[in-house]
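Asks: Sharing a structure below in structure tokens format, with a few things to ask.
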Amino acid sequence: MSNIGDLQSFANSITAVTSPLRGYLNELHQKYSSLNDGTVADYIPELALAKPEWFGVCVVTTDGQIFEAGDCDQLFTIQSISKAFVFGLALEDHGREYVNSKVSVEPTGEAFNSIVLDEATNRPYNPMVNAGAIATADLIKGENGTERLKRLLEMFKRYTGRDHDINVPVFLSEKATGYRNRAMAYLMLNFGMVSDKIDETLDLYFQQCSILVNAKDLAMLSATLANGGINPVTQERAIAEQYVQDVISVMLTCGMYDASGEWTYRVGLPAKSGVGGGITAVAPGKLGIGTFSPLLDAKGNSARGIKVCEDLSRDFGLHLFNVAKPERVLADWISGGNGVDDW
Ligand code: DON
């Protein structure tokens, strides 16, 4: 052990092994392994290769403890989950006012790929639907496509603490078949909502969707937001503190697409899903949840992931608006003690 940080992470790894939360997560994983509702995304052949049985659940606390159950190292494409984090970088690049002049923050109640803009302002409705995500990608600064992508990858590294690759076949397929996204980009160009670097920006959007992550990365992404923008393990700042609230607000109202209302009602945590099968959910000040199961429901959200988040929220009283005593006190389940709930 060379320093205090190493000692702390060693202590955390011991707790994570002995903690009752581990058993809880294993049981949760077991409980929903047999849920076979939903289908694997197949709009491009590469996504259809995902195995329906893949299933991982990871929780990372804001003090850097990591709890895993199931396939937490299996890589998959981040897809729409990237949208929340790219929105954060656009805010850092331009500030709130300018970004909001290009992308609204209003839920649509429409599918993620709907071709719809706010009639009064011509803005896409929010950064989580495809149109809004393309307008957001347009805002990412950089001399050229390579530099802009590099900035995105560096940002994801700050959140997760590790390097990320692009799944090139997924990127090329998205690029070759993304006519609908291309149509939206040109519609927004027509209204002056995006710059004329359409091809470069669409490439960036398809590349950001093709970044490879695992369930642990997703938990680390949300734990970093839960921790005010600082990765709880590496202690590196991933996003300026002032924009964390912006990102997680839009995740709460728009992150689960046209299921966002139902999600907020049942789970009550800011979250973002992707058609690769991932969900990342933020319990501010407490923890991040990352789930991976490629079986998607009709709205494009991971069916098992939703169930896992519902259980975690209910059992530990994580719902943002919960005022009742939770069935389980999170701090006790993490430490195995009977300590006071200081969460
Ligand atoms: O733009 C698309 O269609 C995909 N690359 C990303 C979509 C996505 O993950 C939407 N989610 N559920």
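Asks: Could you list, ordered by first residue, the pairs with Cβ atoms under 6 Å in which the first is in the stretch 111-140 and more than 13 Å from Ala84 (Cβ to Cβ) and the second is part of a loop (DSSP other than H, G, I, E, B) and away from the ligand (no atom under 16 Å from the Cβ), at least 6 apart or interchain?
Replies: Asp118/Ser104; Asn122/Phe191; Asn122/Met193; Arg123/Ser104; Tyr125/Ser104; Tyr125/Glu106; Ala135/Met193; Asp138/Ser195
Asks: Please verify whether Ser210 is in contact (Cβ under 8 Å) with a residue 24 or more places away in the chain, surrounded by 24 or more Cβ atoms within 10 Å (Cβ to Cβ), small (Gly, Ala, Ser) and more than 25 Å from Leu25 (Cα to Cα), treating the condition exactly as stated.
Replies: In short, yes.
Asks: When you go through (1) away from the ligand (no atom under 16 Å from the Cβ); (2) over 27 Å from Asp71 (Cβ atoms); (3) acidic (Asp, Glu) one by one for Glu236, which number turns out not to apply?
Replies: The number of the failed condition is (2).
Asks: Now a separate question. Residue pairs, Cβ under 7 Å, 6 or more apart or interchain, first in the stretch 288-301 and closer than 23 Å to His319 by Cβ, second within 11 Å of the ligand (Cβ to nearest atom) and acidic (Asp, Glu). List them.
Replies: Listed pairs, sorted by first residue: Lys299/Asp258.
Asks: Restricting attention to the stretch 123-148, which residues are exposed (fewer than 14 other Cβ atoms within 10 Å of the Cβ), among the polar types (S, T, N, Q) and part of a loop (DSSP other than H, G, I, E, B)?
Replies: The answer is Asn144, and nothing else.
Asks: Still on this model: Step by step: first the residues of the stretch 74-122, then only those that are closer than 20 Å to Leu47 by Cβ and in a strand (DSSP E or B), then the one that is nearest to the ligand (Cβ to nearest atom). Which residue is that?
Replies: Filtering the stretch 74-122 for residues that are closer than 20 Å to Leu47 by Cβ and in a strand (DSSP E or B), the one nearest to the ligand (Cβ to nearest atom) comes out as Thr77.
Here, each number is a calculation from the coordinates, and none is a lab measurement. Small disclaimer: the values here were computed from a predicted structure and weren't measured. Here Cβ is always computed from backbone atoms with ideal geometry, including for glycine, and neighbour counts include all displayed protein chains.
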